[in-house]
Structure formats: C-alpha cells, structure tokens
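Every number here is computed from the coordinates shown, using simple stated rules; none is lab data. Just so you know, these numbers come straight off a predicted model, no measurement behind them. Glycine gets a Cβ as well: all are built from the backbone with ideal geometry, and neighbour counts include every protein chain shown.
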Amino acid sequence: MAVYGLTLTSSDARFAATLSVPVIALFTTEWIHRGTLDGFAAVLSAHLWSFALAWLFLQLIYLVVSRFTSLHSLAVLTTGIAGGLPAAITYYKLQIRGEPFLPWDISQAAEASAVIGKANIEIQTSMIWTIIIFVVLFLLTFRLREPRRKSNPGGWRRRVVTGGVSCILLGVLVFGVYLEPAATLYFDIRPDMWMQNRYYKNHGVITGFLSNLQALDISAPDGYSEQAVQDLIEQISANGPRMPHYTDSYAAAVAEPEQKPNIIFIMDEAFWNVNELPGVTYSEPVTPTLDRLRETAAVGKSYSPSFGGGTCDVEFEALTGYSVEHLPLGAKPYQQHVTRDMFALPAYLKTQGYDTLAIHGFYRKYWSRDTAYPHLGIDRFVAMEDFVNPERKRAEEWSGGLITDAEMGRRIISEYEQRDQNKPLFIHAVTMQNHSGYNAKNYPQEELVRITSAPDGISQETLSQLQDFATGVREADEMLGTLVDYFSKVDEPTIIVFWGDHYNTIGKGYELYEKTGYIAQGDTSSPNLHGTPLVIWSNYYNTPVDLGTVAAYNISPVMMELYGLEKPLMFEFLSQEMDIFRARSRGITVNPDGSFSEEMTPEQEQWFDSHWLLQYDMMFGKQYTEENGSA
C-alpha cells in the first residue's frame, strides 16, 4: 500500500488505523458535543484522565470489533458511532432541555420519538464534517483485513488473543472504573448530579455518560436507620403546630378551617407568563385571568425542576412532596421508581374519604402514567383515549391536533357534576394543548395573538413561534377563567391549584430569552427559566396572598398550609422547611427572601439532607415512617 511515496505493508496500515481512528473519534465526539473545539485544549489539560479513559474506551471498542470480525472498516463505523451518536444526542438535548444524554434516557425513547419531530433540529457543521471524515476512513480501510486462520495461523492466534484481552479490558474499564465511585474519584472524576451540562463539558460525553451509570443505584443517605427516621419524626412533631406561614391566608383568618373541600389540580403544559419578556408586546391581553386573580387568590411562582420537557418530574414533585433533586438528573420517577404503592397527596386524601381522579389530554401510557397513577392513590384515569370527539387545535405540527385546554376544562366540570356527592373529590388534570412544536400556522389567523413590538435581533422564525405559544397561553388562561367562574357559583367548598410545568425553547435555541434580556447570553441555567405561574384559588376565601417562589414539591404543602388542612408528615416537614429555604432544584437554592444562590448554608444543608432521609425511607427504604404511623 503506497501513500505519498511511502510504502506501507498491510501490517503497517492496520497498526496506523488501530491507533489513529480512536483518537480521531474522540476529537470528533467532543466537536459534535460542543459545536466547536475552541477552548477544548484547556479542558483537555485540566481533565486529562477523563479523556484518556474515553480514548481507551474507544480504542478497546476498535480492537474488539476489528479482531473478532477481521474488518477494520466495520471497526471504523462502530467506533465513530460509539462516540458520535451520544455526542449528537447530547448536543440536541442540551439545546432542547438544557441537559445532556443520560443513561436513563434510553428507557424514554418512545416518549422522545413522539416529540423529536416537533423540535427545531438542524444538522451542525461538526456533524457534517464528522460524517465526511468517517466515510473517508471507511473507504480507506474497506479492504483492510486482519489475518485469517488458514493463510496466517500465527497472525490469527495473535488476533484472537488481542481481541479476547481487549474484551476483558473493556469490561474492566466499564465495571471496574466507570461504575466504581472509588475508581472514578481516584481519576479525579466527580459526577456533578446538579449541573450535568457542566459535568459533560468538563469531562466529555463518554466519561460523563458512563460514569453516570453509577447513579442507577440509589444509595441510602448517610446514617439511614429506624432510629434516625424516628428522631426526625419527633423533631417534626416538636416543631409544630405553628402559626400559619402566610398571615393573609384563610388558615390565619378563621378559627376552624373547612377540612374537606374539593381539590382540583391543573398542571398546564408549558404555561409561563409571556408578559415578562422585556420589550415584547402583544395585540391583546394574554393573561387577563391571571392578572385579576392577583386580587382574590394566592399567586406566586412554582420553581420547576424541568426545562423544555420532563412534565412528569414536575407533577411527581407536586403530588408527592418528593424532590427529583435527590434523584439522578434526568431520571424519570414514574418509569423507574413508582413501581409500588407509596405516599402521595391522592393516597393521603383517599384515607380522608376522597375520590381521586386524573385527567390527561394525551395517551394514557405516556410517561407510564397508566402504571404510576394507581401507585400514587389515583383511582380513575381519564386519558385521551376516553374523550369522545374532543375539540382539538394546532394540527399543523401535531397530526390531528391536540386536545384543547377548553376541552379539558369542560371535562373537569363534567367529572365534577357526575361525582359521588357523598364524597369530596380530588382531580389532577394535565393539559397538552401548548406542547412544543410551535408554528404560527397552528391557529387560524383570526385566533392568533400578534406580536406588536419586540427587541431587535430576534429572528422572524422565533417571533412567529412566539405568536403560536402566546396564543396557547391565552387559551390556557381562558380555561382557568372558565373554571373559576363556574366554581364561584358552586356551593361546595372547592380549591383550584393551577400552575405551569416548565419553560420551553421557542424558535432558535435560547434566542428569545437572550435577545430580550430575560437571561444573560449563554446563561441557560438561569433561575428565570424555572419560575412558572402558580395560582391557588378557592370559592370560599378571596383575600390575595403573595406566595413568592416555592418549589414544585411544595405546591401541595402550601395549598394545605393556606387553607388549614391537616397535613401528613412529609407536608408538615416541608412547611417547616420553608422557613429555611423555599426550593432546592437544579443546584439552585431559593431563599426565604426570594433570592437565589448555588451554595447552601449549613442549616439549609441539614434540612435538605433530612428531606432526602424522609423521601428515601418512603420511596426506597424500609418505610419506617409507615411503621410509626406517620406517613
């Protein structure tokens, strides 16, 4: 084989390919992940072991495939895909969700495929060049073979031995290094569960992904024991009862609060207040209901653990008081952990005589709600399949359209009117109308909210999608108004809790938020992208209350705190914790004064750890809280 005047033997060519392809794959992997290699040299030198292990992983894959198949061209493709595919998924997931590709994402492939076509995915220059590079490498190695048994017995034996040893070493690397916390710590690899985007940036896609496999095993908190749980229960009991947290609340105003009102939870898809975007104005009021309820209801913000998706994380927190901050970032509790009966608001309300119902405007199997809801105490689940000829909109991006928020409101009223009147009712509704996949053609022109002014520099594509989104926000607000008007005339005491699950990307990446100054350039972890509107209204109290910002896992405790409802242990603990901090999510602490910080004080860390102790016992542990009659 001659290359530029040099004569290479087949052995030389095999050796060159074996050493060079994994190195090339490592650099193209990080090029795809980052979109650029600017600054990569500094990262490489600072975390050399992380990338050395990643190179070794790719090197061993190349050796295993080439030695066992004898085909270097196949080894080239396999090695390229082993690095390039997770890198591409990470790149797009960072754009859409603000987090990288994680091991447990594999279990959510069906859910991802349902929405991936709605995202604004564009192939990047780094991806095009990587494809070209590996096509060239494939062609160069197409005729390159390892020795065969008949023609070269000695070479064949070396090939088999090398392949076998490489296979063993690959297993040692994965199971003995990447899956062993002590080993990764030795190589200065410290998984950052709160800031996975930063972790992948520092340690690379391959090391980031493989070391995250450690998180599939949920470890007990330090000091977990029956005595530790009992001590915490006694501490919670000793700290209560207390004066109501909100001095303007119903609980503070009456001596004997109503104890069994109907309770309606509505988690509205991607609902956030578009009026907060600096410099953007609209052709009509977008949130008139939200604005008027500030005068008659408890209003604030829910600090969402999610961005761009992960709806089930938010509802999991709201229904249980458990925090996904204590779980691996990106883990999906409904699919991975809610596999048996466990404490949740619906389960608790059932012990108080409530009927419990969930309503969702999409497939019942989505995010495994059909299997998770019964474990949380929800007796009946009305999903998309149960609606008969429902009103649908936004068919341009979603085939057949999505069930509207107005239709969801009508179904809530219908279910209330058909309830067992001898029991109070709990409804948990999850809407779908304003899901991502934004396009101004989703609505007729006469229904569309128009953008009348916006800061310079925002693309027409982004503004067009914002019109679609703002129209959905207006219709969600109208649905809330319809429910408030209806239940205002109902004699039975009823509480409505309404909040948005998360923000979404609209248009080109984070352009909308950056160009308006809503977040600083590149600050994709900004707390501003996690505070969604929260409204708690009732038909038997109309004094306004400023809720401030609270965690999604505090929604149920805050609702019970406002109305003086008897709280179970977890919610009583969380009510007490609010004096110390309001939320801890995505590595951000929301302090009682509404300020944000990454670091926690020693007192905050103590309460945070106690929350995990309770949550672990109820979710994974031996349920000592139940044995003590405190769950």
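Only counting other Cβ atoms within 10 Å, I'd like Thr79, Thr130 sorted with the fewest neighbours first.
On the way: Thr79 28, Thr130 23.
With the sparsest Cβ surroundings first, the list reads Thr130, Thr79.
Fewest neighbouring Cβ atoms within 10 Å first, the residues Phe596, Phe101, Phe15 line up as Phe15, Phe596, Phe101. Cα convex hull, the range 456-525: 102 Å³ per residue, rounded to a whole number. Annotation for the range 243-312 versus the range 457-518: alpha-carbon center distance of 12 Å. Using 20 Å as the cut-off for backbone N distance, which residues of the range 203-240 belong to the label zone defined by a point 7 Å from the Cα of Thr601 along Cα→Cβ? Once the point is set 7 Å along Cα→Cβ of Thr601, 236, 239-240 turn out to lie under 20 Å by backbone N, inside the range 203-240. Modelled this way, with points 7 Å down the Cα-to-C-beta line, the labels at Asp420 and Leu185 are 5.2 nm from one another. Annotation: extensible slack from Gln445 through Asp370 equals 23.3 nm (criterion: 0.36 nm per residue apart, minus Cα-Cα distance). Extension gain, Lys622 to Asp456: 0.36 nm times the residue separation minus the Cα-Cα distance gives 54.0 nm.
Once Rh is set to the Kirkwood radius over Cα pairs, what Stokes-Einstein translational diffusion coefficient, in µm²/s, holds for the range 545-609 at a temperature of 20 °C and a viscosity of 1.002 mPa s? Estimated diffusion coefficient is 177 µm²/s. Shown is the FRET efficiency for Val174 and Glu226, computed with R0 = 45 Å from the Cβ-Cβ distance and rounded to the nearest 0.05: 0.80. About its Cα centre, the dipole of the range 494-575 is roughly 160 debye, where the only charges are +1 on Lys and Arg Cβ and -1 on Asp and Glu Cβ. Between Ser399 and Ser283, the FRET efficiency estimated from the beta carbon spacing at R0 = 30 angstrom works out to 0.55. When only the Cβ of Lys, Arg, Asp and Glu is charged (+1, +1, -1, -1), the dipole of the chain relative to its Cα centre reaches about 3840 debye. Ranked by the mean number of other Cβ atoms within 10 Å of their residues, highest first, the peptides 368-380, 305-317 fall in the order 305-317, 368-380. Site pair Glu122 and Val254 shows an inter-label distance of 5.6 nm when each label is modelled 7 Å from Cα along Cα→Cβ. Highest mean first, the peptides 246-258, 504-516 sorted by other C-beta atoms within 10 Å per residue fall in the order 504-516, 246-258.
Taking other C-beta atoms within 10 angstrom as a stand-in for reagent exposure, Tyr438, Tyr354, Tyr363 fall in the order Tyr363, Tyr354, Tyr438, fewest first.
The DSSP beta bridges internal to the chain are antiparallel in roughly 45% of cases. Between the DSSP loop rule and a limit of at most 16 other Cβ atoms within 10 Å, which trypsin sites (Lys or Arg not before Pro) in the range 382-472 are left? Listed in order of number, the matching sites are Arg419, Arg450. The Cα atoms of the chain give a gyration tensor whose axes a ≥ b ≥ c have a/c of 1.5 or more with a/b greater than b/c, which makes the shape prolate. Summing charges over neighbours of Asp386, with a neighbour being any other residue whose Cβ is under 14 Å away from its Cβ, gives +2 when K and R count +1 and D and E count -1. The residues packed around Asn275, meaning those with a beta-carbon under 13 Å from its beta-carbon, carry a net charge of -2 if Lys and Arg are +1 and Asp and Glu are -1. Just to verify a number: FRET efficiency for Met243 and Asp379, C-beta to C-beta distance, R0 = 30 Å, to 0.05? The computed FRET efficiency comes out at 0.25. Length gained on full extension, Arg294 to Asp579: 100.3 nm, using 0.36 nm per residue less the C-alpha separation.
Taking every alpha-carbon pair under 8 Å whose residues sit at least 6 apart, the chain reaches a relative contact order of 19 percent. Annotation for Asp386 and Val161: the two label points, set 7 Å from Cα along the Cα-Cβ direction, are 6.7 nm apart.
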